[in-house]
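Remarks on the structure that follows.
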Amino acid sequence: MVLQRLLVFHGPLVRTEKLGNFIHYLGTFISGFTVGVSAVWQLALVTLVAVPMIAVIGAIHTTTLAKLSAKSQEALSQAGNIVEQTVVQMKVVLAFVDENRALQGYSSALRIAQKLGYKTGFVKGMGLGATLLFSAAMLFCFV
């Protein structure tokens with residue numbers, strides 16, 4: 001009985017790891033920053049300036065990837081719909097000798113997904129490159 005009440009009260013907190021991860025990462029950040037300030041305070045101040053900029057770069061990177069992923073999913077879904085309609089209506093497609101038009105529609109939908117895949121790879125590279133470039137620039141300028 002007590003266990004059931006406890007699970008009802010703490011159930012959502014126990015099932016998700018977000019709160020635990022947040023506490024873990026916050027504690028790691030605070031302890032690491034405290035050790036950094038006590039050991040080399042100049043480098044800790046440079047880090048304090050650099051971390052928000054890296055977070056901004058990461059936020060831009062993440063939102064752009066999310067948008068491109070949604071567009072890519074839509075393009076692949078459209079290609080899947082074309083295949084599904086073609087297979088379901090196979091007799092009609094064969095009767096009107098319409099295989100080429102179905103194949104062209106599928107190919108064009110896949111071309112859109114392929115171009116979005118290229119853009120996604122470019123954005124991933126730019127995000128990682130910008131983060132590393134900014135980190136290296138901060139390191140070489142202030143150390």
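Collect the residues in segment 9-56 that are modelled with pLDDT of 85 or more, of a type in the set (S, T, N, Q) and surrounded by fewer than 11 Cβ atoms within 10 Å (Cβ to Cβ), keeping them in residue-number order.
Listed by number, the residues that qualify are ASN21, THR28, SER31, SER38.
Consider GLN4 carefully, then state whether it is more than 21 Å from the chain's Cα centre (by Cα), assigned to a helix (DSSP H, G or I), farther than 30 Å from LEU132 by Cα and at pLDDT 85 or above.
When the stated conditions are applied, GLN4 does not pass them.
Residue by residue through segment 93-125, note down the ones that are in contact (Cβ under 8 Å) with a residue 24 or more places away in the chain and under 25 Å from HIS61 (Cα atoms).
LEU110, ILE112, ALA113, LEU116, GLY117, LYS119, THR120, VAL123, LYS124
Can you pull out every residue in segment 57-85 that is surrounded by fewer than 16 Cβ atoms within 10 Å (Cβ to Cβ), over 11 Å from the mean Cα position of the chain (by Cα) and polar (S, T, N, Q)?
Those that are surrounded by fewer than 16 Cβ atoms within 10 Å (Cβ to Cβ), over 11 Å from the mean Cα position of the chain (by Cα) and polar (S, T, N, Q): GLN73, SER77, ASN81, GLN85.
Please find, within segment 86-101, the residue that is farthest from LEU116 (Cα to Cα) out of those that are surrounded by 13 or more Cβ atoms within 10 Å (Cβ to Cβ) and modelled with pLDDT under 80.
VAL93
The values are calculated or read from the model by the stated rules, or taken from the named source; none is laboratory data. Being a predicted model, the structure only gives us computed values, none of them experimental. Neighbour counts run over all protein chains shown; Cβ positions are idealised from the backbone, glycine included.
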